[in-house]
Each structure stands twice: as C-alpha cells, then as structure tokens.
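Enquirer: Quick one: this structure, given as structure tokens, is what I'll be asking you about.
The values are calculated or read from the model by the stated rules, or taken from the named source; none is laboratory data. Quick caveat: nothing in here was measured; it's all calculated off a predicted structure. We place every Cβ from the backbone using ideal geometry, glycine too, and count neighbours over all the protein chains shown. The area values use the complete protein model at the heavy-atom level, side chains included, leaving out ligands, DNA and RNA. Shrake-Rupley method; radii C 1.70, N 1.55, O 1.52, S 1.80 Å.
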Amino acid sequence: MKYFVSAGGREIEVEVDGEQVVAAGRRVTASLTTIPGSPVRQLLLDGRSVALPIEPAGSGRWAVTLHGERRELEVVDARTRHIRSLTGDDRKPGGPANLVAPMPGLVVRVQVQPGDEVPAGAPLVVLEAMKMENQLKSAGPGRVAAVRVQPGQAVEKGQVLLEFAAPAP
Amino acid sequence: MKRVLIANRGEIALRIVRACHEEGLEAVAVHSAADRTSPHVRAADFAVPIGPASPTESYLSIPRLLEAAEASGADGVHPGYGFLAERAAFAEAVDGAGLTWIGPPASAIRAMGDKTEARRRMEAAGVPIVPGAVAPLTDAGAARSLAEQIGYPVIVKAAAGGGGKGMRVVTAAEELEPALVAAGSEALKSFGDASVYLEKFIERPRHVEIQVLADAARTVHLGERECSIQRRHQKLVEEAPSVAVSDTRRERMGAAAVAAASAVGYRSAGTCEFLLAADGSFYFLEMNTRIQVEHPVTELVYGVDLVREQLRIARGLPMSVASRPLHPRGWAIECRLTSEDPANGFLPSTGRIEYLRPPAGPGVRWDSGIDVGNDVTLYYDSMLAKLIVWAPDRPQAIARMRRALEELVLVGVATNQGFHVRLMDDEAFQQGDVDIQFLDRRSDLLEPRPDTDRELQLAVAAALAEDAARRARRPLVTADGDGSGAWGRLARQEALR
C-alpha cells in the first residue's frame, strides 16, 4: 500500500509491504511494535531502534511527541490523495491571517483599532497567561478590519482576537 | 515540631514531604480543587482541601492555610517557594498562631522583600550594588532624569518583585514610559504592589547566586549556582559550580552573601543573587528569603540536604553542615521542564499528562510534581519538573543530562524538552561561554530544528501506524486489493457483521 505522509508542508511517499518499506525512494526494512500500556512504539528502521510516542489524532492523522514537541502527520493513501487533487481541497488562497489567541488567557490591552495599517512585527494585543504578559505581534503587514475582543475578556485558545484585511494599495 | 503543613503545591511540596519523612516528621499537604490527585497530596500523611483552583482563594489565602493547620494538628509550616513564601505577613501569622515557621524571621523577609530598602541596607553593610534608584519611582519625569543620569540601558523592576515578573529593559528614552506602565501593571497583578524602581543595566553579565544557610550560631555559604540561561528573566538551566568562579572569587562572593544575610539577622536557607560582570566585579541584586527552585544543584555538589537543614534550624537544632571550609565536589546541572510550547512561541500549553517515563540511572535526580492523569492548567506556574544530574566534571554532567533528556518521555502537553537537548548539544554552552543575554542572541535554540533523518523516521512510523490501524479495522480487504475470490468475500461479510 502506498501512503503519502505530510507534515509541516513537506510530503514523503512511503510504500508499505509488510516489513519491506520504500520511503522517499529508499528501500528499507521497518517494523513498528506497540509497547503495552503506553503510547510508545518501537520503530526498527534498518536495525536502528527509535522509541516514539505515536497516537491517533483523527482520521489518518498521527501525533508524534518527540523531545516534548508534538507534531501531527497526515497519512493518506494514493486514492484519497488523487480525489483531493481533483476537488481542489488542498489549499485556499492566502490573505492576511486573523490574529488568534495562541493560548487561553486574559486580554490585557488591545493596541490597535479597526482601520489601522500595521507593519510586520507591530504590537497588537497583550494577553496574560500564567501571570505573564505576552505581547502578540503582527505576522505580516495588514489592515485591522475588526477588533473582536476587549480588555479584561477571557479568551480560549484559537479564538479570533483581530480580523485582518489586505493593506490598502 | 512533629507535623509540618506544606503551604505549597507541585514539585516543591513533594520535595518537602520527602524531607519531612526523612527527618521523622509527619507531612500535611494542602491542595486546591485542581490538585486533589497530585503527587504531593498522595505522598503526604494528611491532606486538607483549601479551596478552588484559583490561587488567590487557595494557596495564597492565609486564613485558609491557618485553618488547615489547625484542622490537621500541624505545629509547623513550610512555605516552599513562590505563593506566600516571601510574604512577611504570612510568617507573622504563622508565629501568631503558635506554629513554627520554617523559614527566615519576618523581619528579614521584610527587609529583603522591599528591594529599595534592601539596597540601602546592603550598601550600608558594604555589599556591592548596581547603580540606580534606592526609592520607588513616583513619576515618569523622575524616572527619565534618573535614567539620563546613570545612562541607558536601564532596567525597570518591581519593588516587591522577583522571578522576572514586572521587569523591563529599556535601551532608549522613548521606550521608558511604556516600560514603566507595563512593569507596573505586571507588578500589581503578581505582587499586589505596582511600585517599580530603576537601575543601571549591566550588559552581558552572568547570573551567579550564593546559597547561604544560617542557624542561631553560624551563617555559612554553600558556594555558587550559575543561572545565566534565562528566557525573559526566567531561569531555565542552573549549574553548580560556575565556570566563571574560582576558589578566591567564591570566597569573596560568599563573604558578601554572608554579610548580606547577617545584616538582616537571617536564619534558615536563603540565596543572594549577584550579577557577575566579565571583569570579575559583582553586584548584589536581591536576596531570595526562601528555598529556591534550583537548590538541588547545590545539594549535589556539597552533599547537603537544604530542606532538611531548614527543618533542623526551625526546630532550634544546629545545622549539620561541617564548620571547616567547604568545597564543591563534581558538577551538577538542572534543567527546568516547563509546559511551554517551542513550536508556538514558547507560550504556555495545557492538557492532561497522558504518559510519563522519567529518566533514571546513575547520577540522575527527578524532582517533579506531576504524574499521569494530572491536568496542566493555566492557574499555576508552567514548571512541571526539574531534571538534575551530577557527574565528576562539567563535560560529563552535560553528557549525562543529554542522555537523561533522551530517556524522558512525556506525552499530553508540549514542553521545552527539545530546547534542553539543543542547549546540551550547543558548542558555546559546552564551553561555558554564557551570560544572561545568551538566549536573546541564540533564539535559534528555542525553535525546533529540521532534521531530515528524523523526518524520514517519523514518516515511516506514521505510515506503519496507519497501515496497522487499517489492517486492524479490515483484516483482509485493502483499498488497492481487488477483494475478489472466496477469502475476500468472506472478509467483506465478516466486516459487515
């Protein structure tokens, strides 16, 4: 079975036939064993042993925690990938992204108003979490279209704080 | 003293429970609603719920803690670090209730807690201090003229502060006012006091602190800890001894720390923090009038149990530290494991600990307050655990820490484990070429690094996991198999049952 594994914008083709695996064009011997009572699995890749906590994270998605850094990989088979390419369900056109709360916290200050043109790195919102004030800055240039929160408001992770539009031409 | 109430949570509460048991004392844990199943509660002999998750209604509530002490029959109180540890009013309330306070006298906490007052007294005691204000700033105008006088860069600090909260470095006049506002508001939230002061910012100094221990008869120092690896003034890695401290410098800094402690009538364990400049000059920053997070590295190189010494001193016993001159033996390093997500700008991450395998083996110490099933919330500090190693010398200690970090598996919440791995692998760190701005310059260490070998391993593992999962769901019919023939039909029928 041929799979396409994507993580962080990169895609690696992995063909699995029992322990015979062709990964990114390289033929290797690989096996994965579950360690009972734990999310840890032991990967043997051409004799090299690696212990990796891997957990299912939804259909075809796998979360790997390595040195405390959690990464999600998506595994699709050739047919699913082909259908996706036909329906154009892979990427939407990019515009200036909205500012979302990177963590749950409390809005301390909003430093912009609707209509403000901001350069990359401009201070936007101060969010307090774990007794620390965290300065959220703009990722790129843009125009503030709407402010969706106010000081004193508690916000959840992923909540939209500011909406952006493309900078005025 | 027979039964000690520990007015804290997390790893330090567990650390104190352990010391109590080794001293033959009973331990009383207190816990908020969020910490009912925490390791410190399980390890203690008694447990008292003291309120909801919010610290102001639990771990910061003096009345509730005193009620808990009475209800549990405790006759001593250990505050740990953070929360009420440096609140003189708490020490007085404990004394007032007829209980033994396991810490310095309230007068010493008060003298050192007000940073501007502390500066005045240290200057009088002949302890070197950083040029700057000795009084809290009243208005922006006064701040501006003082900053002009001592010259930029300057640093704004909370008068009642510590731990990096309410601190701002200002490099130019126009940044001063916003920094005063931000530091003041952070100080108000963290310490209930918005007053800030200002001092000369010494560029690229090391953070070197001296551990002191004082009983009724003697005040001694137990050498230095270097804590230069900091991010936004929060220490991440500490070691003892310091590559920058020779025997003679240790004696000079140690004498200054002992003078500082003696000047305020100190008892128990405490720490004098210094900035050590490249030219060898050092300046007193502040004294932490409590046990510190990073105390284990001193314990490992001096062979002393600082928390047990605190318990002994509180009972009126002499410290068990020898009166002959002491020298550090070997090298110890501590890494603070925090629930901060490197892939998300080091912002706090929350979640449930789903799996934990702490490192073990020769020279490894794991001080942690979390276990499988515990929730990491935003109510408390982001430090989950401390990984501490000892080895005969610094290169071996780094190699051992690297090995221990490789063994550690924690699933359920993002941590800074990868940062510690990258730091141990870093040449500049290995050479000891660090100062408190090290991580400002080396922000590359904070971010995950692409590794093509690793990516291939992950891709293969994910593909194999997906393949195994699909096989488990549909044993014989695969998406690219034709599924014809008797076995295929049977499998389809089996799958439909």
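Enquirer: Between residue A:109 and residue B:89, what is the spin-label point distance in nm, taking each point 7 Å from the Cα along the Cα→C-beta axis?
Expert: Rounded to a tenth, the inter-label distance reads 2.8 nm.
Enquirer: At 1.4 Å probe size, with every protein chain present, just tell me what the per residue accessible area of the range A:2-87 comes to in Å².
Expert: Heavy-atom SASA per residue in the range A:2-87 reads 54 Å².
Enquirer: Highest mean first, how do B:171-184, A:54-67, B:298-311 rank when packing is the count of other Cβ atoms within 10 Å averaged over residues?
Expert: Per-residue Cβ counts within 10 Å, averaged per peptide and sorted highest first, yield B:298-311, A:54-67, B:171-184.
Enquirer: For the range A:1-80 and the range B:444-458, what is the separation of their C-alpha centers, rounded to whole Å?
Expert: So the two Cα centres are separated by 15 Å.
Enquirer: Here's a follow-up. Roughly speaking, to the nearest percent, how much of the protein assembly as shown's 1.4 Å accessible area is carbon and sulfur?
Expert: 51
Enquirer: Could you work out how much longer the chain between residue B:149 and residue B:124 gets when fully extended? Use 0.36 nm per residue separation minus the Cα distance between them, nm to one decimal.
Expert: Taking residue B:149 through residue B:124 to full extension adds about 6.8 nm, to one decimal.
Enquirer: Under the rule of -39500 (n - 2.57) per DSSP H run of 4 or more residues, summed and divided by the residues of chain A, what mean residue ellipticity at 222 nm is obtained, to the nearest 500 deg cm²/dmol?
Expert: -1500 deg cm²/dmol
Enquirer: So between residue A:87 and residue A:26, what do we pick up on full extension, going 0.36 nm a residue minus the alpha carbon distance?
Expert: 18.9 nm
Enquirer: If packing is taken as the mean number of other Cβ atoms within 10 Å per residue, what is the order of B:336-349, A:6-19, highest first?
Expert: B:336-349, A:6-19
Enquirer: Roughly speaking, what is the stretch gain from residue A:117 to residue A:154, that is 0.36 nm per residue apart minus the C-alpha to C-alpha distance, in nm to one decimal?
Expert: Result: 10.7 nm gained on full extension.
Enquirer: Using a 1.4 angstrom probe, figure out how much accessible area the range B:3-102 has per residue, in square angstrom, rounded to the nearest whole.
Expert: About 36 Å² of surface per residue is accessible.
Enquirer: Once the Cβ-Cβ distance between residue B:173 and residue B:396 is put in as r, and R0 is 60 Å, what FRET efficiency do you end up with, to the nearest 0.05?
Expert: 0.80
Enquirer: Only helices at least 18 Å long along their axis, Cα-based, and averaging 0.0 or more on Kyte-Doolittle count here, so list those DSSP H runs from chain B.
Expert: Helix filter hits for chain B: B:10-22, B:176-191.
Enquirer: Hey, another quick one. Starting from the 7 Å offset along Cα-to-Cβ, what nm value, one decimal, do you get for the label separation of residue B:468 and residue A:145?
Expert: It is 4.5 nm.
Enquirer: Taking the Cβ-Cβ separation of residue B:139 and residue B:407 as r and a Förster radius of 41 Å, what is the calculated FRET efficiency to the nearest 0.05?
Expert: 0.15
Enquirer: Using modelled backbone amide H atoms (1.01 Å from N, in-plane), which distant-in-sequence or interchain residues come within less than 5 Å of residue B:130's amide H?
Expert: B:284
Enquirer: Here's something else I'd like to know. Sorted by mean Cβ packing within 10 Å, highest first, what order do the peptides A:44-52, B:273-281 take?
Expert: By packing density, highest mean first, the sequence is B:273-281, A:44-52.
Enquirer: With a 1.4 Å probe on protein heavy atoms only, work out how much accessible surface A and B bury together, total over both chains, in Å² to the nearest 100.
Expert: The contact between B and A buries close to 4700 Å².
Enquirer: Could you state the number of Å between the C-alpha centres of the range B:104-122 and the range B:209-250?
Expert: With the range B:209-250 and the range B:104-122 each reduced to a Cα centre, they are spaced 19 Å.
Enquirer: Please give the FRET efficiency for residue B:62 paired with residue B:188, using the beta carbon to beta carbon distance and R0 = 25 Å, rounded to the nearest 0.05.
Expert: That gives a FRET efficiency of 0.80.
Enquirer: Okay, moving on. What whole-number value in Å² describes the accessible area per residue of the range B:191-342 for a 1.4 Å probe?
Expert: 31
Enquirer: Short version: which residues of the range B:336-373 lose at least 30 Å² of accessible area, all chains versus chain alone, 1.4 Å probe?
Expert: Those residues are B:344, B:347, B:348, B:355.
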